[in-house]
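Peer 1: Dropping a structure here in structure tokens format, bear with me for questions.
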Amino acid sequence: MSKLVAIVGRPNVGKSTLFNRLTGTRQAIVSEVAGTTRDRQYGKCEWGNREFSLVDTGGWVVNSDDIFEEEIRKQVSLATEEADLILFVTDIKNGVTDLDDAVAGILRRSKVPVILCSNKTDNNEDRYEAAEFYSLGLGEPLCVSAATGSGTGDLLDVIIEKLGPENGGDEAEENIPRFSVVGRPNAGKSSLINAFIGEDRHIVTDIAGTTRDSILTRYDKFGFDFFLVDTAGIRRKNKVTEDLEFYSVMRSIRAIENSDVCILLIDATRGIESQDLNIVQIIQRNNKSLVVVVNKWDLVEDKSKEAIAYFENAIRSRMAPFTDFPIIFASALTKQRIFRVLEVAKEVYMARKRHVSTSKLNEEMLPLIEAYPPPSMKGKYIKIKYCAQLPNTQIPSFVFYANLPQYVKEPYKRFLENKIRERWNFLGTPINIFIRQK
């Protein structure tokens, strides 16, 4: 189970550059203009056979110094509540500023471990300026250069050390599926969870989660037995004046990583929006199964079959190319079809664990591949002679052995995936297709 590391600091100290460097991507836009990063970036980082999640907490448009300082305070406060570790990035060229002092004051009162980074240490002479940052009271500053990569290896070593060993868990509990209800603010997540656990409450037991500020609720009635992973909205109702979008995304990231099946709520009165697609991307990046629930269906006037079909087509087209997932139209308020949500989530979880025998797979797929072989490349014909499903994988993974695997492109892999889905039920679950040397 990966842990969450948040990058905080005042604008233009190189947070996005450091994010790109540590994740090995170019996701975050980098600019000399302060406040460039407005949307929060999320990525994975691997180091020393360990993996953790990284969040670039970005900045806001600057209208005035007072407003700007207040937004930074919100950002750091929320990050310290949700993250397992904080990377506090400063600019060694500018030294300690008043905003650095303000952020450091919040971090000193937090119980979350903090690593102080003196960024933009581009040469050895700059290292002598790092002593100034001891005044922040956050320990020894680590000199790094996000632009050149200098010192980032040492930084990653310290991150892994501070995160500690990976969380273990009771094996009996690990075999119980985990469902998380995710979605943008005001989509009805709290109402749906309350509808699930609101009756016969004595059957429900609260178990402290392995990750900080997360509660797993054991749901074991009506023939179901699973952990329900709380997300933003179910707790801390006094936080409604905070930056709800940021808070929701942070909570959704943690919930998604801790779950097997993600129940994505979409507000029927607003339709699918960009924030929903951002959460779907996180679900797909973490290889989690998906169930889409169109909530507040009781508020929609047109409930005809044509309206339902139009809504479904709109959702699937926006989430393409992955379209093999169930869509349920429900209402948490009236409890319309909420029991169906649990049934479908259980079916999706079982599909996630499905294993197809090698003989059956070859019997179905090889004649199909012979009839529709991969297109030839550079005058060479590609032949696939054997296939099998890999055992003990996080999601269903299939390997096809070919004479020229390097010439099999993504469109043909999608063709193989679609044919597998046509013949076996992998509803709502991502599939891996690998082409290997025969």
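Peer 1: Quick one: order Met377, Met350, Met365 from most to least accessible surface, probe 1.4 Å.
Peer 2: Highest to lowest solvent-accessible surface, that is Met350, Met377, Met365.
Peer 1: For segment 192-197, what does the Karplus curve 6.51 cos²θ - 1.76 cosθ + 1.60, with θ = phi - 60°, yield as ³J(HN,Hα) per residue in whole Hz, taken in order and with x for Gly and Pro?
Peer 2: Along segment 192-197, the couplings run 5, 5, 5, 5, 5, 9 Hz.
Peer 1: Want the number for Thr97 to Ala388: 0.36 nm per residue separation, take away the alpha-carbon distance, what's left?
Peer 2: Between Thr97 and Ala388, full extension yields 98.8 nm more.
Peer 1: Taking a virtual spin label 7 Å from the Cα of Leu299 along the C-beta vector, which residues in segment 326-344 bring their backbone nitrogen under 13 Å of it?
Peer 2: 331-334
Peer 1: Compute the FRET efficiency between Ser150 and Glu51 as 1/(1 + (r/R0)^6), taking r as their Cβ-Cβ distance and R0 = 25 Å, and round to the nearest 0.05.
Peer 2: On the way: r = 23 Å, r/R0 = 0.94.
According to the calculation, E is roughly 0.60.
Peer 1: Looking only at segment 340-438, where both bridge partners belong to it, what percent of the DSSP beta bridges are antiparallel (to the nearest 5)? Don't skip to the end; give the middle numbers.
Peer 2: On the way: 6 of 12 bridges.
Within segment 340-438, antiparallel bridges account for around 50 percent of the total.
Peer 1: Of Phe329, Leu361, Ala351, which is farthest on the positive side of the dipole of segment 327-382, counting Cα position, with +1 on Lys and Arg Cβ, -1 on Asp and Glu Cβ, and the Cα centre as origin?
Peer 2: Phe329
Peer 1: Taking 0.36 nm per intervening residue step and subtracting the Cα-Cα distance, what contour gain separates Asp225 from Tyr134 on full extension?
Peer 2: Details: separation 91, 0.36 × 91 = 32.76 nm, distance 5.12 nm.
Between Asp225 and Tyr134, full extension yields 27.6 nm more.
Peer 1: Can you pick out the pairs among Lys353/Lys419; Lys360/Lys419; Lys305/Lys419; Lys380/Lys409; Lys346/Lys409; Lys303/Lys419 whose Cα atoms lie more than 23 Å from each other? All intermediate terms of the calculation are to be shown ahead of the outcome.
Peer 2: Values: Lys353/Lys419 19 Å; Lys360/Lys419 14 Å; Lys305/Lys419 28 Å; Lys380/Lys409 14 Å; Lys346/Lys409 34 Å; Lys303/Lys419 33 Å.
Violating the 23 Å limit, Cα to Cα: Lys305/Lys419; Lys346/Lys409; Lys303/Lys419.
Peer 1: Determine, from the Cβ-Cβ distance of Ser357 and Arg414 and an R0 of 22 Å, the FRET efficiency 1/(1 + (r/R0)^6), rounded to the nearest 0.05.
Peer 2: On the way: r = 24 Å, r/R0 = 1.07.
The computed FRET efficiency comes out at 0.40.
Peer 1: Of Phe415, Ala309, Ala402, which is farthest towards the positive pole of segment 301-438's charge dipole, taken about the Cα centre with +1 and -1 on the beta-carbons of Lys, Arg and Asp, Glu respectively?
Peer 2: Projecting each Cα onto the dipole axis, the largest value belongs to Ala402.
Peer 1: Now, a different point. Glu363 accessible area, nearest 10 Å², 1.4 Å probe?
Peer 2: Only protein atoms counted, so the area is about 120 Å².
The values are calculated or read from the model by the stated rules, or taken from the named source; none is laboratory data. Just so you know, these numbers come straight off a predicted model, no measurement behind them. Positions of Cβ are backbone-derived with ideal geometry, glycine not excepted, and every protein chain shown enters the neighbour counts. SASA here: full protein model, heavy atoms, side chains in, ligands and nucleic acids out. Shrake-Rupley method; radii C 1.70, N 1.55, O 1.52, S 1.80 Å.
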